[in-house]
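Structure, as structure tokens:
The values are calculated or read from the model by the stated rules, or taken from the named source; none is laboratory data. Everything quoted here is computed from the prediction, not taken from an experiment. FYI the Cβ positions are ideal-geometry reconstructions off the backbone, even for glycines, and counts take in every protein chain you see. For accessibility, only protein heavy atoms count, side chains too; no ligands or nucleic acids. Shrake-Rupley method; radii C 1.70, N 1.55, O 1.52, S 1.80 Å.
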Amino acid sequence: MGVTKNALEELLERAGGCAVIDGGFATQLEALGADINDPLWSALCLISNPDLIKKVHMQYLEAGANVLITSSYQATIPGFLSKGLSIDEGEQLLQRSVKLAIEARDNFWTLLQKCPKHGYNRALVAASLGSYGAYLADGSEYSGLYEPDIVLDKLKDFHRQRLQVLANAGPDLLAFEAIPNKLEAQAIVDLLDEQKVDIPSWICFSSIDGNHIPSGDSFKECLEILNNCETISAVGVNCTSPHFIDKLIYEFKKFTKKPIVVYPNSGEIWDGRAKKWMPSECFGDASFEELALTWRESGANLIGGCCRTTPNTIQVISKALKQKRQYVPATMDFN
Ligand SMILES: C[S+](C)CC[C@H](N)C(=O)O
Ligand SMILES: N[C@@H](CCS)C(=O)O
Ligand SMILES: [Zn+2]
């Protein structure tokens, strides 16, 4: 008897073992003219310019993304309340983030039906959930250092309502992004279990030094927490320099059997106080061709880009992975 595959496993099978995620969402919003210098960051556009959100999703689909990550990274009910909105309105905006991505995916898929040999996979929609640090909007998703009173229960309280609303909005996946400490990973796992969430989810960590997550916790400790949670269908790293990715894939493979997700930023560094990207050694789009092939070879199952990457980066990744297919066993078993 075959075991039923979840949406993520099906996608990985359709994509030959390695699927493409989209790129920097906020980055492309800004490139199209949005001003997101705000505590809500990219989620501000859920209020001010939902059409632009859909346009960014469309551009990533055209570039070859198999997974769209929604605009909810920094969208929270408390964040919306501080803009003078009601809880109800906040919940509607969270739902809107999923709806916009689903509409873009469905429109794109309908258009493709006119071209029988289009070569695209139908994309999945992953509802984004940023960390408590992202909500603070002080750059602490890259330090992992929260105030001492931010204990496990407080982090669960922070994540509870948004998780419920986004899960009920009908995404294919949940994407916990740039989680900076193991306490928050534990809070998320506890909530997924308590709420009996059955949507395949991934948790990705950020890293500044390539050896630990920002708080100093080890990847081993973090993965031990995630390995026990069935809802977590993939684990990985995002918004981290491409420099560290290959080494981290090997590190992950030592400690987990779950599929591995990598979507680094360009290598630039975010100054959380100045709210600016600092010039540093960074990777241009062309370098992502070879990088993506290397990461797939090393064992990554989902590859994309995070901040400061664009649809062009994703097109480079998608083309590289399509042109140079790798041998894939008939059945993949991640258990
Ligand atoms: C991934 S960072 C660049 C997002 C923005 C940050 N949370 C802030 O608002 O400062
Ligand atoms: N999904 C978010 C991640 C920021 S680290 C974005 O791409 O804007
Ligand atoms: Zn990022």
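M58 fails exactly one of the following numbered conditions: (1) more than 19 Å from E141 (Cβ to Cβ); (2) in contact with a Ser or Thr (Cβ under 6 Å, 6 or more places away or on another chain); (3) within 16 Å of ligand 2 (Cβ to nearest atom). What is the number of that condition?
M58 satisfies all of (1) more than 19 Å from E141 (Cβ to Cβ); (2) in contact with a Ser or Thr (Cβ under 6 Å, 6 or more places away or on another chain); (3) within 16 Å of ligand 2 (Cβ to nearest atom) except (2).
Filter the stretch 21-58 for residues that are more than 16 Å from ligand 1 (Cβ to nearest atom), closer than 13 Å to A123 by Cα and either in a loop (DSSP other than H, G, I, E, B) or open to solvent by 10 Å² or more (accessible area, probe 1.4 Å) (or both) and give the result.
M58 - this is the single residue of the stretch 21-58 that is more than 16 Å from ligand 1 (Cβ to nearest atom), closer than 13 Å to A123 by Cα and either in a loop (DSSP other than H, G, I, E, B) or open to solvent by 10 Å² or more (accessible area, probe 1.4 Å) (or both).
Return the residue satisfying two criteria in turn: it lies in the stretch 308-322 and is open to solvent by 10 Å² or more (accessible area, probe 1.4 Å) and within 16 Å of ligand 3 (Cβ to nearest atom), and of such residues it is farthest from S280 (Cα to Cα).
Among them, the one singled out is P311.
Matching residues to (1) under 19 Å from G64 (Cα atoms); (2) open to solvent by less than 20 Å² (accessible area, probe 1.4 Å):
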{"site": "A101", "(1), (2)": "yes, yes"}
{"site": "Q113", "(1), (2)": "yes, no"}
{"site": "K117", "(1), (2)": "yes, no"}
{"site": "L124", "(1), (2)": "yes, yes"}
{"site": "L155", "(1), (2)": "no, yes"}
{"site": "F158", "(1), (2)": "no, no"}
{"site": "V165", "(1), (2)": "no, yes"}
{"site": "E177", "(1), (2)": "no, yes"}
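If I go through the stretch 140-165 residue by residue, how many of them are over 14 Å from the mean Cα position of the chain (by Cα) and in a helix (DSSP H, G or I)?
16
Exactly one condition in (1) at pLDDT 95 or above; (2) open to solvent by 10 Å² or more (accessible area, probe 1.4 Å) is false for D138; which is it?
(1)
Check V165 against each of (1) more than 16 Å from ligand 2 (Cβ to nearest atom); (2) in contact with a Pro (Cβ under 6 Å, 6 or more places away or on another chain) and name the one condition it does not meet.
(2)
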